[in-house]
Amino acid sequence: MRTQHGPDDVVLVGFGSYQGSVIAGREWEAPLQRMPLPPARPGSWEDVCHQAFAQDTLLLLSRLEATPVLNQRRGHRAVGVVYHPEAEIGNYVPTVLPRRYDAFLYLDTTQALHPLRDVPARSQADVPETYPSGV
């Protein structure tokens, strides 16, 4: 998006949570289920935010880019449509927050959403060529 629209016309917002629950599937097109979000791994961005704030916080990273602690590379929990809470170490990606996001919304404890409706799984033949990005 930044390539197409320019860096000044796109804002990237990251999300993180220390613990709680999420709605996800075990694989693409799997049925959605409520899953536990265990406490974040020690030293991860979610753990650092929990230790520093222990409450919901919005970090505007462009204003904080010169802060040395934010320029450290740490694990950031990646929870999406597919999630595996039993393999928690594999859910983290190395991240320098101000290089990845313009803002970071930290939620200390999340609660899984209640889907408005069930989304039926597609057959393999129905999956578009650009799946899952849709671009």
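The values are calculated or read from the model by the stated rules, or taken from the named source; none is laboratory data. Since this is a predicted model, take the numbers as computed values, not measurements. Cβ atoms come from the backbone with ideal geometry, glycine included; neighbour counts cover every protein chain shown.
All conditions but one from (1) part of a loop (DSSP other than H, G, I, E, B); (2) of a type in the set (A, V, I, L, M, F, W, C); (3) more than 19 Å from Gln111 (Cα to Cα) apply to Val48; the one that does not is (1). Restricting the search to segment 44-73, which residues are of a type outside the set (Gly, Ala, Ser) and more than 22 Å from Val11 (Cβ to Cβ)? Asp47, Val48, His50, Gln51, Gln55, Pro68, Val69, Gln72, Arg73 - these are the residues of segment 44-73 that are of a type outside the set (Gly, Ala, Ser) and more than 22 Å from Val11 (Cβ to Cβ).
May I ask you to verify whether Trp45 is surrounded by 11 or more Cβ atoms within 10 Å (Cβ to Cβ), closer than 24 Å to Ala112 by Cβ and touching a His at 6+ places or on another chain (Cβ under 8 Å)? Please lay out each step first, then the result.
Working: surrounded by 11 or more Cβ atoms within 10 Å (Cβ to Cβ): yes; closer than 24 Å to Ala112 by Cβ: yes; touching a His at 6+ places or on another chain (Cβ under 8 Å): yes.
Yes.
Looking for something part of a strand (DSSP E or B), more than 18 Å from Leu105 (Cβ to Cβ) and free of Cβ contacts under 8 Å to residues at least 24 places away in the same chain - is there at least one such residue anywhere in segment 23-39? The answer is yes, given that some residue of segment 23-39 is part of a strand (DSSP E or B), more than 18 Å from Leu105 (Cβ to Cβ) and free of Cβ contacts under 8 Å to residues at least 24 places away in the same chain. Tyr83 falls short on exactly one of the conditions (1) without any contact (Cβ under 8 Å) to a residue 24 or more places away in the chain; (2) within 14 Å of the chain's Cα centre (by Cα), and that condition is (1).
Residue check: Val69 meets all listed conditions (1) surrounded by fewer than 12 Cβ atoms within 10 Å (Cβ to Cβ); (2) modelled with pLDDT of 95 or more; (3) touching a helix residue (DSSP H, G or I) at 6+ places or on another chain (Cβ under 9 Å) but one, namely (2).
Give me a count of the residues in segment 97-123 that are modelled with pLDDT of 85 or more and in contact with a strand residue (DSSP E or B) (Cβ under 8 Å, 6 or more places away or on another chain).
14
Residues in segment 1-36 that are surrounded by 15 or more Cβ atoms within 10 Å (Cβ to Cβ), touching a Lys or Arg at 6+ places or on another chain (Cβ under 8 Å) and either within 26 Å of His50 (Cα to Cα) or aromatic (Phe, Trp, Tyr) (or both): 6 in all.
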